[in-house]
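Nothing in this text is a laboratory measurement; each read-out follows from the coordinates by a stated rule. Please read these numbers as outputs of a predicted model, since none were measured by experiment. When we count neighbours, we look across all protein chains shown, and the Cβ atoms used for this are built from the backbone with ideal geometry, even at glycine.
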Amino acid sequence: MLSEAFCKWCDSGGGGGGGGSVGMEVETLLQFFPDAWLTTATDSLLTVITMSKDISLVLHLLDLFWGLIWTCSIIEPGSSACHLAHTWLALATLPWMATEVKLMDLKLVNARQFTHWSAKLKWNEDVRVKSKSIRVIAVLPGNVAPRWRCQVVRAALSEREAQVMPQIATCFPLMVQQVGSEGGQQLVGEVVGAVINSPDTATVRAAAHSFRQLLCALLHLTSLRIDNTHVINQYLFLLSNPDKSVVSALAGNIGILVCPPGQPPPSQDSKNLIVSKEGEAILLHLNDIVKEYNPTTQTVLAVLEVLHHLVKRPLYGLTGGVLVLLVICLVIQDRTALVQAHLTIHALASTLHITLRDLLYTRHRHSLAQVLCEIMNPGEVAALLNHVAEVFH
């Protein structure tokens, strides 16, 4: 998916530091299809889709549209593809066009004809068609009717179709980076709230899977002024979801947010290294979960699953905070959590290439003892740390 490719680009540090100048500017035009071919293809597809009663054919043609749009979005803006894109968007949004009073910034020569098609086509109400249409709406370039696209997504959200909502959750990160601040400011909160609070498990699971892509888009690829910490906290509440697949999907996406790219290789002394704001927000939320009165085994294991993913990465200035969380989990009276915490602490020491005793006593003894004294008998703190250090000796 395009959003996944952009996330990999962000993870590698973005597009900074290009090559030096060679004394002249070079303008590159990348064009896959001739303009005349695009115009002819659009006219033909328009005729077939609006005349067809075969839903399976319409679904295949919408897939074709998605590929065509993705390819044409790479060429330079001066191409006729920019003009045709409004027609492509109109075709994709036919299922919602009849119920909307205004088409906003959607520019069509024959707008009445499209509205007429929207009212008469029987496949317009098919949820499979709507699901495919959401993909097309998301992949279009940002300058193609952003206000109309946002309005259509709102309309789709209000319908709460079980087959469409997971597609919205999956495609929304791509739409955020494409549309940007052109109408997407308020929509982020609306979509996030709808998908993570959905009663449909498939929708929530899709939201958890796309968490990393959404944060990548918000942090690096748009100018939207969004409280990212608030968005992160909304998603982290999914750790208490009863469906394990939702928790696992979210846990696997958190690591890249906690561990920012572009820093020097981790050293064992991480006090002076940068700590990402997102990483701090995530650790603070995890702390709140394990420190609450009598947390359930399920939520503790969810936190441990997140930490299991984190300790495989260079944590830099967050190492101490992660270790404190793991040791707190040792105090919770649950055998499964106890074993998982032991294993994760050992994995953290292995990642840092130091012994457990060095990790627990030499580097973080003071902070660990301070936290543990608040939740257990001070006389038992040394015995607990010694026990952990010796288990994997």
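List of remarks:
- Distance between the modelled labels on Arg313 and Trp70, one decimal in nanometres: 2.5 nm (7 Å Cα→Cβ projection).
- Nearest-0.05 FRET efficiency for Val127 and Asp105, computed from C-beta distance (R0 30 Å): 0.65
- Residue exposure sequence - Ile226, Ile134, Ile354 - by fewest surrounding Cβ within 10 Å: Ile354, Ile226, Ile134
- Radius 12 Å from Cβ of Leu106, net charge of other residues (Lys, Arg +1; Asp, Glu -1): +2
- Derived scalar couplings between HN and Hα for region 229-245 equal 4, 5, 4, 4, 5, 4, 5, 5, 5, 5, 5, 8, 5, x, 7, 5, 5 Hz in order, rounded to whole Hz, by the Karplus curve 6.51 cos²θ - 1.76 cosθ + 1.60 (θ = phi - 60°), x for Gly and Pro.
- Sequence of Phe211, Phe114 once ranked by neighbouring C-beta atoms within 10 Å, starting from the fewest: Phe114, Phe211
- FRET efficiency for the pair Glu292 and Arg147, taken as 1/(1 + (r/R0)^6) with r the Cβ-Cβ distance and R0 = 45 Å, rounds to 0.60.
- Residues Arg225 and Leu343, FRET efficiency given R0 of 41 Å [Cβ-Cβ distance, rounded to 0.05]: 0.50
- 3J(HN,Hα) along region 109-117, derived from phi through the Karplus expression 6.51 cos²θ - 1.76 cosθ + 1.60 where θ = phi - 60°, amounts to 6, 10, 4, 4, 5, 5, 5, 5, 4 Hz, with x in place of Gly and Pro.
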